[in-house]
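Visitor: Take a look at this one; I'll ask things after.
FYI, it's all coordinate maths here, none of it is from the lab. These numbers come from a predicted model, not from an experiment. No Cβ is skipped: glycine too gets one built from the backbone with ideal geometry, and neighbour counts run over all protein chains shown.
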Amino acid sequence: MKALVFLEHHGGELEQGSLGLLSKAASLGEAEGVVLGPDARAVAARAGAFGASRVWASEHEALAAPLPQPRVDALAALVEQTGADAVLFAASVLSADVAAGLAARLEAGLNWDLTDLLLADGELIGKRPALGDTVLVDVGWKSAPRLALVRSGSFDPVESGGAAEVEELAFEVSDFSTLARLVEQTQEEASGPSIEDADVIVAGGRGLGSPEAFSLLEELAAALGGAVAATRAVVDAGWYPYSTQVGQTGKTVSPKLYIACGISGAIQHKVGMQGAGTIVAINKDPNAPIFDFCDLGVVGDLHQIVPKLTELVRARG
Amino acid sequence: MKIAVCVKQVPDATVHKRIDPETKRLDRSGEATLNPTDLNAVEEALRVKEAHGGEVVLVSMGPERALESLRKALAMGADRALLVADETAAGSDLVATSRVLAAALERVEADLVFFGQASSDGDGSVLWAAVADRLRRPLISQVAALTVEGGSVRGKRQTEHGYDVIAAPLPAVVAVSDAINEPRYPSLKGIMGAKAKPQETVSVADLGLPAEAVGEAGSRTVVLALGPPPARSGSVKIEDDGTAAEKIVAFLAERRLL
Amino acid sequence: MARPIDFPPDFAPADAIGVPTDPPEERIEVGVLIVGGGPGGLACAIRLGQLLEEHPEVRERLGEVPVAVLEKGKQAGSHLLSGAVVDPGPLRELFRGRLTTADLPTYGEVPGEAVYVLTRRSAFRIPPPPTMRNHGNVILSLSALGRFLAEQAEGLGVAVLPETTASRLLVQHGRVAGVRTGDRGRGRDGEPLPTFEPGSDVLAGVTVLAEGTQGLLTSAAIDHFGLQGENPQIWALGVKEVWRVPRPLRRIVHTMGWPLRAAAAYGEFGGSFIYPMGEELVSIGFVAGLEARDVELSVHDLLQELKTHRLVWKILHGGERVAWGAKTITEGGYYSLPRRFSAPGLLLVGEGAGLVNVPRLKGVHYAIESGRLAAEAAFRALQRGEVPSRVGALDSYDEALRRSRLWRELYEVRNMRQAFDRGFFVGGALASVMTATKGRFPRRRLPTHPNAAAPLLETGRAARYPAPDGKYIFDKLSSVFASGNRTRDDQPNHLKVAARVRRPVAEAWAWMCPASVYEVGADLGDGMVSVHVTPSNCVQCGAITAKGGRFTPPEGGSGPEYTLT
């Protein structure tokens, strides 16, 4: 496999999800990185340490705004120049648009939401969950180039300590690619991630006993850099806002870590969070259904355990 | 203004969604409904029409009976529907589907094309970008707030880092997030009038596409196999003896979640 | 001993009667309005469609929308649930000259049947009682039949309007003028949300109420026009599952006895049905009368318990559950029927009007038959150029009902259900005598008592319910999920129940409800508790209406989305 890996960067650093994908790609064959946009050249070289044999960069003015269509132009040109047979993306709002636009541009197959990539008899195969994470599907491509959108965080970056040359990527901008333009940009900070974006969610259900107990969850979430969610029962009771409701009639979330406190795990809630990477449940009822589908189940009093957990997490810094 | 909304009929989200083990495609034989997030796109289109005049056209690809689901959007106030109903297009992947939709949209000649957020049957957030590229139109996606003014459209685009405001001249493609609005309920008069609104069905050939360009023949990806998901590796259950918090920390650290 | 009837809800039948309030130019006018997209309402719509097709001059006089059907579910069939083994006669009659039985969505004729009396460990086969013989009847999914009938109706130019409830019957100058449809987009406290869409006044020359088991407008109309029958209406609750099975079932099965208790004191009457649906599916359900007195009586759990019996296990094991649902059935029979089935501008059809033959376990064909007869009566009035709301204009419907076979059948078994007030064995003996004498014995009317008047007793019954395992035995919440119920959470509470009740009453409601809507709330002292209600779980079975509260329809489109039931 000769892959191009689309590397995103923010605040002067290459994104962890991109680097993880790069490491994976390097383990499957030859991998070259692509970094596009302001400061691309400055961050590009770092990719060599994670397995890139070469890194392409461009700071073309058309790439100044975080918009997908000029990036499709850049990648299309690069595929032609390098003869790459695969282009890999760690999923993000931007990369999904780029990957799909590139698929149409090159008439190339795109598989998305992949959680793993592997070679079988020299052929690239992707694995992806489907139907609310109840089925795992093997997907493939009929022709090159093969485009893949991988769930962010599927692979861990591995520093292999190599180095790579940074080359300038030259490309032509299509007539329509720059019609969309950035007018204003706002960074959202501190108030913490929304539950849809959070990597860590601490959720509370009836077992909390009172609305005041949510403050325990808020402290834990703050310590972990995550968001607080709630079940339908406590939202109905007015203990927490509807915007945080996870479940069949609320939101579906798939964070890396979901800590369920005082939640029984009825299916109406389960379908909203069963895709979480790791599920930890704390409940004093040993027969709660949630213990059937969590990774770590703790039978105990959350009012004791959660504050202690928060303390320990904070102590780790 | 001519506004098109790309909508899709998906299997109803009641229990038994299954993948047919023979065709390896989603079993769509049961009851079906309009993809819920497409309703946000329909609602936004209706609001633009109410502000600026014009007509709202629903564009969809699916079996003949998808017309039933389109009727709900017609009941909300859309003016007409164009359905590409052709067996040969079944099993189309992104490349083939975007090809068909682009051809249908070219026929409609819309100033503004709306898409809803990811569909509930696994379509991922990819269709609009592929269609926009084929139409050679500017794209604004993940739009949580929209204004249309003087021949251009301005959208508040949600990203992982915050909001960007993006502007583009019409004709443009806009994909809305489900935060953008609350879809209206159709009025009784709307429900009663929906059936009488023009609903056109076309084939792939009517769009000038050869059979090899669609369906499995026109697709570039394949489904190879299905299996159960990896079982949650060794689920552990412990009782708190005073050290539960420490054990949780150790567990998370081991999985590099801390 | 506590009785639910002593804690009535804050609701009266007159609450569902009103006058038009929309400005005249906003009122919607249709020719004939049918409330309910079930077999009764749709049969009425189809027959009208046929007659209007044959008589375009009458059709023209009915305006742009000659016939409209209001259906509260997401689509026709979403709220339909039954066994079902159906007498195909009325269906054939409805489609005579147009369709044959082969065109109907059935699983074919009943291949064979068996009736068992169960004990915990055994099953005693008995010859099917004469009232239960099903030779020549067909097996079908009522939900699928609903979808089919709606398609047929639409093909005849009927407007079938889903996600639309009827919240009030409009009565003016002693005549029924139409209905008011329900609002959509209200918040939990009734406040209009940004998406608020008010209901509309829908006016019609004839209004046909085919609401089924819990007809809100039907009971309001019966009350308003003084049409009550001699006995109060009573109900049973049925909970069913559909299973995909590895071994085809080749006969229909009915059971009686276990897990119900035979002694009269318990008030437990009912049994189960197990019907094949083609080679791959089996429909299994448990039905129990709601006069059951045990606080912990839960039909959902009785169904789960039934599945542990060897007889049933042999049929289901290795399979998987693919559907679940619950619904009440009217059981009062002949003496609970309304005195008349028509009033100025109004016709009452189907189960809502009490037309169910409990000993035969049949009601669907009565719904279809009465729907057809109602259509013909309405058509005759319209054809004569009558104002259908003139007193007596629709009398021909009552006459046709009383001349029909269904009337004779209901009369014959008029006391059979009541006999079981004496318990399973005495009741069974009485029932046999009634059958042998073709209903001539006893002459007099045996009374029924409102389900909610049965004093509650506690026996620790729940200890014997099997624990859910998520694969063969299921809990209520995962079952509600399986019904497709995704009712919007932040709606007003549509279930009218008393706010303060004796504790056993709250517990009885909690056990009774198949969807876990009711829970014992806060302790209010003095043996009284509040009742905690989770209305979004409601699958609209109607049990609460029988047992002391009142179900009213929530926003249109809410509730289950049945497809196989």
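Visitor: Determine, for each peptide in C:74-82, C:430-438, C:272-280, the mean count of other beta carbons within 10 angstrom over its residues, then list the peptides with the highest first.
Guide: Those peptides, ordered most packed to least, come out C:74-82, C:272-280, C:430-438.
Visitor: Let me ask something else about it. Charges only on Cβ, +1 for Lys and Arg, -1 for Asp and Glu: so what's the dipole of the protein assembly as shown about the Cα centre, in debye to the nearest 20?
Guide: Details: 118 positive and 138 negative charges, 1166 e Å.
Computed about the Cα centre, the dipole is about 5600 debye.
Visitor: Quick check on chain B: of the DSSP beta bridges with both residues there, what percent are antiparallel, nearest 5%?
Guide: Counting DSSP beta bridges with both partners in chain B, the antiparallel share is about 40 percent.
Visitor: For the protein assembly as shown, with equal point scatterers placed on the C-alpha atoms only and solvent neglected, what are the log10 I(q)/I(0) values from the Debye formula at q = 0.05, 0.09, 0.10 1/Å, to two decimals?
Guide: Debye curve over Cα of the protein assembly as shown, log10 I(q)/I(0) at q = 0.05, 0.09, 0.10 Å⁻¹: -0.36, -1.13, -1.34.
Visitor: OK, next. Using Cα positions and a limit of under 30 Å, work out the lysines in reach of B:Lys237, with same-chain residues fewer than 8 apart set aside.
Guide: Hits, sequence-local ones excluded: A:Lys127, A:Lys251, A:Lys256, A:Lys270, A:Lys284, A:Lys308, B:Lys247, C:Lys471, C:Lys476.
Visitor: Let me ask something else about it. Per-residue Cβ counts within 10 Å, from other chains only, averaged over A:243-250: what number is that?
Guide: Per residue, the number of nearby Cβ atoms from other chains is 2 on average.
Visitor: What is the mean number of Cβ atoms from other protein chains located within 10 Å of the Cβ atom of each residue in peptide A:292-301, rounded to a whole number?
Guide: 6
Visitor: Any idea what the dipole of chain C comes to, in debye rounded to 20, about its Cα centre with Lys/Arg Cβ at +1 and Asp/Glu Cβ at -1? Don't jump to the answer; show the numbers that get you there.
Guide: Values: 65 positive and 61 negative charges, 491 e Å.
The calculated dipole for chain C is roughly 2360 debye.
Visitor: Once Lys and Arg get +1 and Asp and Glu get -1 on their Cβ, which of C:Gly174, C:Thr213, C:Leu203 lies farthest toward the positive end of the dipole of the range C:170-251?
Guide: C:Thr213
Visitor: Next question, about the same structure. Once phi is turned into θ = phi - 60°, what whole-Hz ³J(HN,Hα) does the Karplus curve with 6.51, -1.76 and 1.60 give for every residue of the range C:319-330, x standing for Gly and Pro?
Guide: Computed from phi, the couplings for the range C:319-330 are x, 9, 6, 10, 7, 8, x, 8, 6, 8, 10, 6 Hz.
Visitor: Also, I was wondering about something else. Please name whichever of B:Leu224, C:Gly557, C:Val35 sits farthest to the positive end of the charge dipole of the protein assembly as shown, dipole taken about the Cα centre and charges placed at Cβ: Lys and Arg +1, Asp and Glu -1.
Guide: Projecting each Cα onto the dipole axis, the largest value belongs to C:Val35.
Visitor: Using Cα pairs under 8 angstrom and six or more residues apart, how large is the relative contact order of the range A:2-168, in percent? Show your work: numbers first, answer last.
Guide: Details: 385 pairs, mean separation 51.4, N = 167.
The value is 31 percent.
Visitor: Which GluC sites (Glu not before Pro) in the range C:406-474 sit in a loop by DSSP (not H, G, I, E or B) and have at most 13 other Cβ atoms within 10 Å of their own Cβ?
Guide: In loop regions of the range C:406-474 (DSSP not H, G, I, E or B), there are no sparsely surrounded GluC sites (Glu not before Pro).
Visitor: If you don't mind, there's one more thing I want to ask. Give, as a single signed number, the net charge of other residues whose beta carbon lies under 14 Å from the beta carbon of B:Asn181, with Lys and Arg counted +1 and Asp and Glu -1. Let's see the in-between values first.
Guide: Working: positive: B:Arg47, B:Lys49, B:Lys156, B:Arg184; negative: B:Asp38, B:Glu43, B:Glu44, B:Glu50, B:Asp178, B:Glu182.
Every neighbour counted, the sum reads -2.
Visitor: Take every residue in peptide C:314-327, count the Cβ atoms of other chains within 10 Å of its Cβ, and give the average of those counts.
Guide: Mean partner-chain Cβ count within 10 Å for C:314-327: 1.
Visitor: Arranged from highest to lowest average of other beta-carbon atoms within 10 Å per residue, in what order do the peptides C:328-335, C:259-266 appear? The partial results should precede the final answer.
Guide: On the way: C:328-335: 24.4, C:259-266: 17.5.
In descending order of packing, they fall as C:328-335, C:259-266.
Visitor: Another question about this same structure. Which of the GluC sites (Glu not before Pro) found in the range B:54-105 are loop residues per DSSP with 15 or fewer other Cβ atoms within 10 Å of their Cβ? Show your work: numbers first, answer last.
Guide: Numbers: sites: B:Glu55, B:Glu64, B:Glu68, B:Glu87; in loops: B:Glu64.
Those that pass, being in a loop and sparsely packed, are B:Glu64.
Visitor: Now, a different point. Could you tally the net charge around C:Gly41, taking each other residue with its Cβ under 12 Å from the Cβ of C:Gly41, Lys/Arg +1 and Asp/Glu -1?
Guide: So the environment of C:Gly41 carries a net charge of 0.
Visitor: Can you show me the helix-derived [θ] at 222 nm for the protein assembly as shown, built from DSSP H runs with n ≥ 4 at -39,500 (n - 2.57) apiece and divided by the number of residues, rounded to the nearest 500.
Guide: Working: 29 runs with 293 residues, N = 1140.
Value at 222 nm, helices only: -7500 deg cm²/dmol.
Visitor: So how far, in whole Å, is the C-alpha centre of the range C:170-240 from the one of the range C:454-476?
Guide: 34 Å
Visitor: Work through the residues other than B:Val131 whose Cβ is under 10 Å from its Cβ and net out their charges, Lys, Arg +1 and Asp, Glu -1. Please list the in-between numbers first.
Guide: Values: positive: B:Arg99, B:Arg134, B:Arg137; negative: B:Asp133.
Value of the local net charge: +2.
Visitor: Connecting C-alpha atoms closer than 10 Å in a GNM of chain B, tell me which of B:Met61, B:Met76, B:Met192 has the biggest fluctuation.
Guide: With Cα springs under 10 Å in chain B, the top fluctuation among B:Met61, B:Met76, B:Met192 is at B:Met192.
Visitor: Within the range C:44-78, which GluC sites (Glu not before Pro) sit in a loop by DSSP and count at most 12 neighbouring Cβ atoms inside 10 Å?
Guide: Answer by residue number: C:Glu64.
Visitor: Which whole-Hz couplings ³J(HN,Hα) result when phi for each residue of the range B:151-165 is put into the Karplus expression 6.51 cos²θ - 1.76 cosθ + 1.60, θ = phi - 60°, listed in order with x for Gly and Pro?
Guide: x, 9, 10, 10, x, 8, 9, 8, 10, 5, 9, x, 10, 10, 9
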